[in-house]
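J.: This structure is in structure tokens; I'll ask about it shortly.
Since every read-out is calculated from the coordinates, none of them should be taken as a lab result. Here the structure is a predicted model, which is why all the values come from computation and not from measurement. When we count neighbours, we look across all protein chains shown, and the Cβ atoms used for this are built from the backbone with ideal geometry, even at glycine.
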Ligand code: HEM
């Protein structure tokens, strides 16, 4: 760390962080998430499997949802409920949501069966769960915006449940303007924030090894430097 | 008016349902669940392209 040629100074660079919250935060962040962990160039060999693809599949679908959603909200229902292009974009938005949920559920199953919460990854699992729940509420408000018989039926079934838990006054599904704001502002921001935290946590902890990797994976059996001389000796 | 009623009639068709005793499921939901199960199995079985090219 210390490159000075003369006698070492009393307070090396790192120590300054002790006195200010900016310095403390920087030191904490650099320790938790150094740049080489945030943007790694390669991954262990076991990551070369479809089991690790579905999280990014969900992210990709989410990008399409947000992109099409922005165009829909900028043009408004008088456009997307009437014009051909509007209908197309509305449908693209819906189908991106279908893919988003399919990828998310397959991702959830895969992470469940590989017990991906191992090794201090509890928060990754919890943020994933919260992402799932918030996404369901977001999709629910989206269905309410169809303004057809379906959405009317959904709203009036849901209002009883929401009133029963006591949130009906603040989250009023019969109030279309309010539901619109939840759907295009508050809930997308919440989904985005939770997903961002989820992915950053995956980066910070590194990808979880498969359950049986410790016996079969060269990189886990021989951590860097201790690999056997002969490649053929590796399992 | 007639056009509106015709469209309304189309919008409230309940869809196709499958049922086995107590269990009832709408065709669209069933298709999605089967597709997800298929993706899950394929993700475990299919080899990952280019997976072995790096050491
Ligand atoms: C909004 C939906 C979600 C998105 C966009 C998302 C995204 C991701 C991404 C990109 C990864 C890393 C790559 C991978 O392993 O696939 C990941 C890992 C993970 N996800 Fe999700 N995820 C979502 C929902 C969930 C849900 C619902 C759960 C479970 C309750 C979950 C649990 C996990 C866990 C435990 C990991 C860590 C795996 C590891 O350390 O290797 N995620 N997620």
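J.: Note down the nm distance, to one decimal, between modelled labels 7 Å out along Cα→Cβ at residue B:48 and at residue A:73.
T.: Distance between the two pseudo-spin positions: 3.5 nm.
J.: Can you tell me the equivalent ellipsoid semi-axes for segment A:51-114? Use √(5λ) from the Cα gyration tensor, largest first, whole Å.
T.: Equivalent ellipsoid of segment A:51-114: 30, 9, 7 Å, largest first.
J.: I've got another one for you. Rounded to the nearest 0.05, what FRET efficiency do residue A:169 and residue A:64 give with R0 = 45 Å and r taken as the Cβ-Cβ distance? Could you check?
T.: 0.85
J.: Next question. Measuring from label point to label point, each 7 Å out along Cα→Cβ, what is the residue B:35 to residue A:39 span in nm?
T.: Here the answer is 3.5 nm between the modelled labels.
J.: Okay, next question. With r defined as the distance between the Cβ atoms of residue A:159 and residue A:25 and R0 fixed at 30 Å, what FRET efficiency is calculated, to the nearest 0.05?
T.: 0.10
J.: Hey, another quick one. Suppose R0 equals 51 Å; then what is the FRET efficiency for residue A:85 and residue A:212 from their Cβ-Cβ distance, rounded to the nearest 0.05?
T.: 0.50
J.: Could you work out the mean count of beta carbons from other protein chains within 10 Å of each residue's beta carbon in B:36-49?
T.: Per-residue shielding by partner chains comes out at 5.
J.: Gap in Å between the Cα centre of segment A:26-47 and the Cα centre of segment A:108-168?
T.: Computed from Cα coordinates, the inter-centre distance equals 30 Å.
J.: Now for a separate question. Just order A:160-169, A:69-78, A:203-212 by mean Cβ neighbour count inside 10 Å, highest at the front, would you?
T.: Output ranking for A:160-169, A:69-78, A:203-212: A:203-212, A:69-78, A:160-169.
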